[in-house]
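The values are calculated or read from the model by the stated rules, or taken from the named source; none is laboratory data. On a predicted model such as this, the values are computed, not experimentally measured, just so you know. Glycine also receives a Cβ, built like all others from the backbone with ideal geometry; neighbour counts cover every protein chain displayed. Heads up: the accessible areas ignore ligands, DNA and RNA and are worked out on the full protein's heavy atoms, side chains in. Shrake-Rupley method; radii C 1.70, N 1.55, O 1.52, S 1.80 Å.
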2 protein chains.
Amino acid sequence: MMDLHEVVRLKVNFKTLEEFENFREYGQQELSMKEDLEENIVENDSESPFYGVYFGNKLVGRMSLYQIDKKFDRYFEPPQDYLELWKLEVLPGYQGKGIGNALVNFAKSHGVPVKTNARQRSDDFWIKQGFEALTYQTDRDRGENPYVWLPEGVSEQLEE
Amino acid sequence: MMDLHEVVRLKVNFKTLEEFENFREYGQQELSMKEDLEENIVENDSESPFYGVYFGNKLVGRMSLYQIDKKFDRYFEPPQDYLELWKLEVLPGYQGKGIGNALVNFAKSHGVPVKTNARQRSDDFWIKQGFEALTYQTDRDRGENPYVWLPEGVSEQLEE
């Protein structure tokens, strides 16, 4: 299947921030970016940790992707740098068109492990994306639903 | 206003686990408890990190409450033991009756700071409960919406 959805890195500007308001998961992270922009703490058009897919002029899917340093790795064996993916969301009306898939593939394309916290009842989606549920560790996971994508040669880090 | 909702600590047994299936936030934590019970890793009726409110025989509200050690505290000044509250949820049909409030008050009654990750668009609820949003720190918060309740003499831990 061809993938026609281009994933682009989003810039921090007022247009992007306005688009973010269309997404359900809107909170402190977005408000903080807005404040930083208003107070000139970040420059207009500076790079954000968000990646998105546009349909014409409209942002219809997005995710945040953040590189975590090996020294904080509690998920993978051997411990290594990995990507934490969160706030993956495709607007209603644009779902089922492979946009979420394109975003996840972009994350996987870096060849390093990817960790996410699966939202309620989204397990099927993540399994379809080649992710697997980790063994739940209360101290580490605290109510999260950690799902990971493991590249060749990487396994789950087990509790000590 | 009188508070008629008794908050009880939930036991790990098959009845509780069956009740958990009625809640939207059902994931690895619940599945892991189920497995532990089936494989006799935990005893029937052992204590869970969940607290709940019953209406008659039916579990209608719940939350998970977990004590975090001072050495992992990145939220409070001075750094101290605190409670992490997650999966606060009241079943549809039982909302607006003070059940969520009773659960949060139970958490606050321990006199230590409480930290939660506010779900999308739930800010008003937490503010009404006396919580406040923390200044967003990307490295620490990774897409979370951290809200905290601060007892007298405790303030927000600022970025180093």
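Quick look at the numbers
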{"quantity": "Residue that is nearest to B:G27 (Cα to Cα) [pool: residues in segment A:122-147 that are assigned to a loop (DSSP other than H, G, I, E, B) and more than 11 Å from chain B (Cβ to nearest Cβ)]", "calculated": "A:F131"}
{"quantity": "Count of residues meeting criterion [under 30 Å from B:E21 (Cβ atoms), part of a loop (DSSP other than H, G, I, E, B) and among the charged types (D, E, K, R)] in segment B:75-99", "calculated": "1"}
{"quantity": "Residues of segment A:121-130 classified as without any contact (Cβ under 8 Å) to a residue 24 or more places away in the chain and not basic (K, R), total", "calculated": "5"}
{"quantity": "Search result, residues across segment A:35-61 that are part of a strand (DSSP E or B) and either among the aromatic types (F, W, Y) or open to solvent by 80 Å² or more (accessible area, probe 1.4 Å) (or both)", "calculated": "A:E47, A:F50, A:Y51, A:Y54, A:F55"}
{"quantity": "Search result, residues across segment B:87-106 that are touching a Lys or Arg at 6+ places or on another chain (Cβ under 9 Å) and buried (at least 20 other Cβ atoms within 10 Å of the Cβ)", "calculated": "B:K87, B:L88, B:E89, B:V90, B:L103"}
{"quantity": "Test: residue in segment B:141-151 that is touching a residue at least 40 places away in the same chain (Cβ under 8 Å) and over 28 Å from B:V60 (Cβ atoms)", "calculated": "yes"}
{"quantity": "Condition check for B:T116: of a type in the set (S, T, N, Q), in contact with a Leu (Cβ under 6 Å, 6 or more places away or on another chain) and within 14 Å of another protein chain (Cβ to nearest Cβ)", "calculated": "yes"}
{"quantity": "Any chance B:L31 is open to solvent by 30 Å² or more (accessible area, probe 1.4 Å) and either at pLDDT below 95 or more than 18 Å from the chain's Cα centre (by Cα) (or both)", "calculated": "yes"}
{"quantity": "Flag if B:S109 is within 13 Å of another protein chain (Cβ to nearest Cβ) and either open to solvent by 70 Å² or more (accessible area, probe 1.4 Å) or under 18 Å from A:W86 (Cβ atoms) (or both)", "calculated": "no"}
{"quantity": "Tabulated pairs, segment A:97-115, first among the basic types (K, R), second not in a strand (DSSP E or B), C-beta under 7 angstrom, 6+ apart or interchain", "calculated": "A:K115/A:Y75"}
{"quantity": "Residue that is surrounded by fewer than 20 Cβ atoms within 10 Å (Cβ to Cβ) and more than 17 Å from the chain's Cα centre (by Cα), where the choices are B:Q80, B:Q67", "calculated": "B:Q80"}
{"quantity": "Residue within segment B:120-130 that is touching a Lys or Arg at 6+ places or on another chain (Cβ under 6 Å) and open to solvent by less than 50 Å² (accessible area, probe 1.4 Å) present", "calculated": "yes"}
{"quantity": "Which listed residue is at negative phi and within 14 Å of chain A (Cβ to nearest Cβ), from B:L103, B:L59, B:L85, B:L150", "calculated": "B:L85"}
